[in-house]
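Let me begin by presenting the structure, written as structure tokens, before commenting on it.
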Amino acid sequence: MEKAKAHIFVSGSVQGVLFRDSARRKARKLKVKGWVRNLPDGRVEIIAEGEKDRVEQMINWARTGTILARVDNVDFEFEEYKGEFDDFEIRYAP
């Protein structure tokens with residue numbers, strides 16, 4: 001199975017609406033590894049690694065997010081898969 005890594009930035013009303021927790025639950029359900037965090041500029045950043053079709057499902061999920069979220073834009077790029085994560089976790093702003 002082909003592996004993939006995506007670096008995703010979600011903008012809109014995506015902080016304070018359980019977006020990170022929902023992202024973690026969705027990623028774990030999909031068996032995607034990586035992390036999610038809020039950024040100081042109001043966006044949410046996600047790193048997702050795993051089977052390519054499951055990473056793509058994670059990107060598609062980010063286009064809607066939670067029922068309380070308003071997603072205006074999702075930017076992503078695929079990066080070199082490294083298999084560097086053991087789980088999917090919430091991280092805190094840099």
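No lab work stands behind these numbers, since they all come straight from the coordinates. Model, not experiment: these values are computed from the prediction. For neighbour counting, all protein chains shown are included, and Cβ atoms are generated from backbone atoms with ideal geometry for every residue, glycine included.
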Scan segment 16-39 and report the pairs whose first residue is touching a residue at least 24 places away in the same chain (Cβ under 8 Å) and closer than 19 Å to Gly83 by Cα and whose second residue is part of a helix (DSSP H, G or I) and of a type in the set (Val, Ile, Thr), with Cβ atoms within less than 8 Å and a gap of 6+ or a chain change. Val32/Val55
Any idea which residue in segment 48-73 is farthest from Val14 (Cα to Cα), counting only those that are β-branched (Val, Ile, Thr) and surrounded by fewer than 20 Cβ atoms within 10 Å (Cβ to Cβ)? Ile59
Can you tell me which condition Gly65 does not meet? The list is (1) touching a residue at least 60 places away in the same chain (Cβ under 8 Å); (2) out of contact with any Lys or Arg (no Cβ under 8 Å at 6 or more places or on another chain), and all the others hold. (1)
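Tell me whether segment 68-81 contains one or more residues that are free of Cβ contacts under 8 Å to residues at least 24 places away in the same chain and out of contact with any strand residue (DSSP E or B) (no Cβ under 7 Å at 6 or more places or on another chain).
Taking segment 68-81 as the starting set, the residues that turn out to be free of Cβ contacts under 8 Å to residues at least 24 places away in the same chain are none.
No.
Restricting attention to segment 9-46, and to residues there that are aliphatic (A, V, I, L, M) and surrounded by fewer than 22 Cβ atoms within 10 Å (Cβ to Cβ), which single residue is farthest from Ala69 (Cα to Cα)? Quick ask: steps written out before the conclusion?
To start, the set of residues in segment 9-46 that are aliphatic (A, V, I, L, M) comprises 10, 14, 17-18, 23, 27, 30, 32, 36, 39, 44, 46.
Then drop every residue that is not surrounded by fewer than 22 Cβ atoms within 10 Å (Cβ to Cβ), which leaves 17-18, 30, 39.
Working: Val17: 6, Leu18: 8, Leu30: 21, Leu39: 15 Å.
Looking at residues that are aliphatic (A, V, I, L, M) and surrounded by fewer than 22 Cβ atoms within 10 Å (Cβ to Cβ), I get Leu30.
Being over 14 Å from Arg20 (Cβ atoms) and within 12 Å of the chain's Cα centre (by Cα) is the filter here; which residues of segment 59-76 pass it?
Listed by number, the residues that qualify are Ile59, Asn60, Arg63, Thr64, Val74, Asp75, Phe76.
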